[in-house]
Amino acid sequence: MELAYYSDYAVRLVNSEEPGRGKDSLTSVEAVRDLFGGNQQAARRATEADLTRFRSVRARLRAVFEAADKGEETLAVDLLNSLLLEFPVSPQISGHDFRDEDGRPLWHMHLADHPSNATAGYTAIAAMGLAFHLTEYGVDRLGLCEAAPCRNAYLDTSTNRSRRYCSDRCATRANVAAYRARKRRLEAERPDRPDRSASTGLAAASAQRTSASGER
């Protein structure tokens, strides 16, 4: 299992809520289980009690992304370290489910959790995955979408650290909005643009003349 897979646990949980849009998809046990993806054995442990616990962890993980997005590197690390201490895992070498063409195990790192509940297991994996991503690529690779009001979390894996949006849809929407704003600004600055105040004054004077003519 690749470490990028583990870090995606954090992104999925954070993005289950969109505060700017007033949306929250984490409203049922089934929604909690869906966050586990293909790890259905762990998902089956989820109960109603995990709903509140997952929301609490979600807020803490979002705080990590918010600190990173603001350039508060030490705060982001401290917040993540607190999760790692509270929800530990045991790294193990594993070869299950992966074989080469000769049938030999393809050894890889596996994060074995020993949870007391579904939230503890999920958080342990999410925090460790995020920690691997942060130390490998840097705190500035943890971002929040700039296409307001989205603010979804994302992991920047671009070669030139240029990612600013959580999805192509948000990138397109932001680019269209920026284009329209530039167009309005350029139109307002055009030297040959009619003076609205002058036009309004002429219209008022004309109306007065018409009114006076009618009274005679």
Notebook entry, point to check: In region 1-25, what residues are touching a residue at least 40 places away in the same chain (Cβ under 8 Å), surrounded by fewer than 16 Cβ atoms within 10 Å (Cβ to Cβ) and of a type in the set (Gly, Ala, Ser)?
Noted result: 4, 20
Item checked: Subset of region 26-52 (residues that are surrounded by fewer than 13 Cβ atoms within 10 Å (Cβ to Cβ), under 22 Å from the mean Cα position of the chain (by Cα) and not in a helix (DSSP H, G or I)) -> 27, 28, 38
Notebook entry, point to check: Between residues in region 148-163 that are touching a residue at least 24 places away in the same chain (Cβ under 8 Å) and closer than 17 Å to residue 15 by Cα and residues that are of a type in the set (Phe, Trp, Tyr) and crowded, with 20+ Cβ neighbours inside 10 Å, which pairs lie under 8 Å by C-beta distance while being six or more apart or on different chains?
Noted result: 150/165; 153/65; 154/165
Next item on the list: Determine, yes or no, whether residue 122 is open to solvent by less than 20 Å² (accessible area, probe 1.4 Å), of a type in the set (Phe, Trp, Tyr) and modelled with pLDDT of 80 or more.
Entry: yes
Item checked: Only one of 81, 39 that is modelled with pLDDT of 95 or more and polar (S, T, N, Q) -> 81
Notebook entry, point to check: Could you count how many residues in region 77-96 are touching a strand residue (DSSP E or B) at 6+ places or on another chain (Cβ under 7 Å) and either closer than 17 Å to residue 131 by Cβ or open to solvent by 50 Å² or more (accessible area, probe 1.4 Å) (or both)?
Noted result: 5
Note to self: Given (1) at pLDDT below 95; (2) of a type outside the set (Asp, Glu); (3) farther than 17 Å from residue 123 by Cα, identify the lone condition not met by residue 67.
What the structure shows: (1)
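The values are calculated or read from the model by the stated rules, or taken from the named source; none is laboratory data. Not measured: the values here are computed from a predicted model. For neighbour counting, all protein chains shown are included, and Cβ atoms are generated from backbone atoms with ideal geometry for every residue, glycine included. SASA here: full protein model, heavy atoms, side chains in, ligands and nucleic acids out. Shrake-Rupley method; radii C 1.70, N 1.55, O 1.52, S 1.80 Å.
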